[in-house]
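Below is one structure, written out as structure tokens, with a few remarks after it.
Read-outs throughout are calculated quantities, based only on the coordinates presented, and are distinct from any laboratory measurement. The structure presented is a predicted model; accordingly, all values stated were derived computationally and were not measured.
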Amino acid sequence: STSLQDDDHLFFTLEANAVYAFEAALSWSAVAAGAGPQVHWLEPDGTFDLFLNWVAGTTLQTSIAFWDESTGSLPIHSSAIAGMAHFVGLIIAGVTGGAFKLQWAQAGFHASNTKMLKGSWLSYKKLN
């Protein structure tokens, strides 16, 4: 499906007005080159993120993104049919706590599903 869905494992709860460092590595496979996943980090209203991400496949893609709850999904483009995306960042929670979680979907329609693979992970540390 190309509709974003919550990941069952990659999430944690933000405390209101707290600051966190986070890191995630997403390992994925797709049925066709360039068909990697689209990802979205869902978070409570008023939360601000700054993070760097890069993708390893047959080419390397690097970007810096300012993220908030209104930002759309980020497609992971790679010429490979498998790869890894790595995210490192800072989360500044607003006055409302809540879940910070990964949502993902296929970037486009293909004969078979894009898959997030076992071994993908998310870690975080509260800084204040």
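Assorted remarks:
- For Lys115, a cut-off of 23 angstrom between C-alpha atoms picks up these lysines, skipping any fewer than 8 places away in its own chain: Lys101.
- Segment Ala99-Ala16, length gained on full extension (0.36 nm per residue, minus Cα span): 28.8 nm
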